[in-house]
């Protein structure tokens, strides 16, 4: 919807690509340039909230380092020598080389990769892979969203999301820092509004976040011990008879088995495992169980250890036995708006044997999400196991920084016969590509937000300004590549038709949707009373026969992973900055000024022992590698823990050095093994390290 003011106009849109998006924005445009961005107070999702990343969006669009022409590599990979070429030559070259690889090695030898899904291009990418015949779409879902969603599908038949439209008595905020990064469209302002309406707040987080400072209780848990705390809370709730007897009796299976499973997790044992006190654990159990309704705001941090699936299963059991599933103010199943079926849009019927052919097929749960975890792609490239992978087409992803075991990822990318990267800026990963394609930013094309996600709504993201030079939207790049590969019958004459296809079941086209802004599903609660839960038993499966059949523990189970030692005496974990999205946007001065260098947070007492002071550069060392970050002293954390910045590289450095990609990159320290056995989640948090004083590399 547009409103005209003197020489400028205000366009309503929704934020994208600076995070998962969802916040409504009012964007002022004059003569084709964005003048000002502010939050839209009428937005039903964000209620006027806007973060620093959104405010910097306009700076990204006009940045002088934007990629504006397709580039063909000259010389050796990584030497930084490029030749500008036309789009026609770029697409023809890519298509010819991909088809050659398909003929020689089969379509599964080509991987289509993306980072965190940000818009419709994710599903157009899956469509292209299915049409091409490749079962391998690579993404980070094994450490982002998939453990919660798969656990939800197995346990209750859906992914329970927080209901902030209704009053809650208590918010149990667990592994989620919404003030720094939203959770697939859950905007932090909604939580704050609920607290202002009277909801109590308990925060489970090893770090003293701002949310922790305003909470009634902050459980400063040992990193990685979330599963132990969850089982301890269940133990107390069952022992004290605090569970919802009616719901448990009528709507769950496996309660007796769950009771036996948690018998050993008494407050004293759980206190040792979590670094909390028995009193804190007992009080939390009583508060959560007796606060009706109570909502668990669970976050991405829960999905970063080898206990990811079981932790999520335990929290689902907590929601269920306390009667907080699909009730107002609890964790609910939103009804989806009338949009195109995902399976139809991605042309899933063209590849019925996909699950049997995926690189991740040995992991019983991972293929159900239709995405291959990156470590399995890396393994296939380096070992030809289970079969060769020779090419990768990547968009909105920077795996050299975001993949676990980054040096192994580098080795794999160097071995590819073809690497194609679509990007806004030159990144360490793009610098290794054979062909780099210039991508448009979110304000430079029409898009739909949150299609395919479980929040129960989609949002319009209309084009605001033209992209610079020859930059194209990723949707258009994929659409045109699909046609150039010889599959025009499965793509669109113009990518805007893809938007209309998504909206057709709602009886509207994209122009009409832009006027509306947000399309939500019908509201309703306790839908299980009419249709049961979408599980094989039609009930909440506290004990999962399906997991048992697949050879996994059918009940939420605790397992410890390697801890600290004399050689590696500190426990390292990561955090996300409010000023960046994963590895993106460190070249934007407005944001970089707020966070100029990678920071390691450490307790002053630990720093004194190590001879470190505020602002010093320190080396962080693990068995996998070492990096440098600057020291930031923090009184509000456990002296045994250090918090590391994630996603760092240095755009101001030379392209031949890959922008110093390995200097401060957290994933130089992480490994891809051990991993969660069902879906391959490695330990991205809670890993042992040692710290040494080290000079800055300048």
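No value in this document is a laboratory result; all are computed from the given coordinates. Computed from a prediction, not measured in an experiment: that's the story for all the values here. A quick note on method: Cβ atoms are made from the backbone with ideal geometry, for glycine too, and the neighbour counts reach across all protein chains shown.
Points to keep in mind about this one:
- Modelled FRET efficiency - R0 51 Å, residue 256 with residue 610, Cβ distances, 0.05 increments: 0.50
- Classification of the chain by its C-alpha gyration tensor yields a rounded form. The axis ratio a/c (a ≥ b ≥ c) stays under 1.5.
- Proxy reagent accessibility, fewest Cβ within 10 Å first, across 600, 414: 414, 600
- Among beta bridges from DSSP that stay inside the chain, the antiparallel ones total about 50%.
- The simple spin-label model puts a point 7 Å past each Cα toward its Cβ; for residue 693 and residue 165 those points are separated by 5.8 nm.
- Gain in span if fully extended, residue 560 to residue 9, counting 0.36 nm per residue against the direct Cα distance: 192.6 nm
- Segment 338-453 shape via C-alpha gyration tensor axes, a/c threshold 1.5: oblate
- Radius of gyration, Dmax [segment 270-324; alpha carbons; angstrom]: 12.3, 32
- Cα gyration tensor shape for segment 628-672, rounded if a/c is under 1.5, else prolate or oblate: oblate
- Our Cα-only numbers for segment 570-693 put the radius of gyration and Dmax at 14.7, 43 Å.
- With both labels modelled 7 Å from their Cα along Cα-to-Cβ, the residue 193 to residue 657 distance reads 4.7 nm.
- Segment 570-693: antiparallel DSSP beta bridges as a percent of all, rounded to 5: 65
- Label-reachable residues, segment 141-185, where backbone N falls under 16 Å from a point 7 Å from residue 537's Cα toward its Cβ: 152-158
- Label-to-label distance for residue 626 and residue 523 is 5.8 nm, based on points extended 7 Å past Cα in the beta-carbon direction.
- Protection proxy ranking, peptides 587-594, 444-451, 535-542, average beta carbon neighbours within 10 Å, highest first: 444-451, 535-542, 587-594
- With the highest mean first, a sort of the peptides 609-622, 230-243, 642-655 on other beta-carbon atoms found within 10 angstrom per residue produces 230-243, 642-655, 609-622.
- Per-residue ellipticity at 222 nm computed for the chain from its helices equals -8000 deg cm²/dmol, with DSSP H segments shorter than 4 residues left out and the rest contributing -39,500 (n - 2.57).
- Translational diffusion of segment 61-193 was estimated from the Stokes-Einstein equation, with Rh taken as the Kirkwood radius over Cα pairs; at 37 °C and 0.692 mPa s the coefficient is 170 µm²/s.
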